[in-house]
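Novice: Structure below; questions to follow.
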Amino acid sequence: MSLIGSMLMNEVASDPSVQGPEQFLLSMHNKLNLLLQSQSGGNNLSDGMDLSVVEIYRAQGVIKIASANRPVIIKTAGVIQEIRGDRRPVGGTTHPNCAFTCQTFYWNHGDLVCLFSDGVTYQFVGPAGKKIKRSGLLHLIIEISILDIPDLRARFKNFFLSWYGDLPQL
C-alpha cells in the first residue's frame, strides 16, 4: 500500500486543480478506490491508508491541516494541541466524494508540527514487548518540544533507538 500511496501522492500533488489539504485527501481517496476496484475485478476492497496533509503559509502565518485517521500534533504559542483528523481512511470505501475536513491555525516562527505514521505508535515494540502508542508519543513530544529542531531530532531518534533496542520490530 505504501508504494501505491507514494505513486498516487505524486500524481495528486502535480494536479493544479487540487487546492488545499482536504481536496488532496479527497483526490487520493477517489483515486485509490478506483485503483483498488480495478485491481480486484470490481470487488470492493476495504484496504485504505491513514494520511495527514499539512500546508504552511509562512508569509501569512497560517497552517492548514487535513487528516485521515492520523492525529497531528502542533505547538503554537507554547501550547501543544493534538489535532484529530477525520475518522476514516483514504480509500477503503466505495463511498465517492466523502468530504475531509480542513482545519486552519495561526503559525508563528518557532512553532512545531509533528506528523507520524501508525508505524511509530503501533509497530515499534519496546520494553516488555510494549508499543509506545499515541499517548506515549504525545508525552515524548511534550517533553522534547522545548528543544531546537536539531536537538529535538536527535532526542527523538535516540529515544526510539533505546526504546526498541535489540528487539525485533513488527
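The values are calculated or read from the model by the stated rules, or taken from the named source; none is laboratory data. Predicted, not measured: the structure shown is a model, and the values here were computed from it. All Cβ positions, glycine included, derive from the backbone under ideal geometry; neighbour counts span all protein chains shown. Heads up: the accessible areas ignore ligands, DNA and RNA and are worked out on the full protein's heavy atoms, side chains in. Shrake-Rupley method; radii C 1.70, N 1.55, O 1.52, S 1.80 Å.
Novice: Tell me, yes or no, whether segment 116-129 has at least one residue that is in a helix (DSSP H, G or I), open to solvent by less than 90 Å² (accessible area, probe 1.4 Å) and touching an Asp or Glu at 6+ places or on another chain (Cβ under 6 Å).
Specialist: Looking through segment 116-129, at least one residue is in a helix (DSSP H, G or I), open to solvent by less than 90 Å² (accessible area, probe 1.4 Å) and touching an Asp or Glu at 6+ places or on another chain (Cβ under 6 Å).
Novice: I'm trying to understand the selection: among the residues of segment 57-80, which are surrounded by 13 or more Cβ atoms within 10 Å (Cβ to Cβ) and touching a Lys or Arg at 6+ places or on another chain (Cβ under 8 Å)?
Specialist: The answer is SER67, ALA68, ASN69, PRO71.
Novice: For segment 145-167, does any single residue satisfy the condition of being open to solvent by less than 60 Å² (accessible area, probe 1.4 Å), at pLDDT 90 or above and not acidic (Asp, Glu)?
Specialist: yes
Novice: I need the full set of residues from segment 29-49 which are outside any helix (DSSP H, G or I) and modelled with pLDDT under 80, in order please.
Specialist: SER40, GLY41, GLY42, ASN43, ASN44, LEU45, SER46, ASP47
Novice: State the number of residues belonging to segment 137-162 that are touching a residue at least 12 places away in the same chain (Cβ under 8 Å) and under 18 Å from ILE83 (Cβ atoms).
Specialist: So the count comes out to 6.
Novice: Something else: Which members of segment 81-102 meet the condition of being open to solvent by 40 Å² or more (accessible area, probe 1.4 Å) and farther than 20 Å from LEU137 by Cβ?
Specialist: ARG88, THR93, THR94, HIS95, PRO96, ASN97, ALA99, THR101, CYS102
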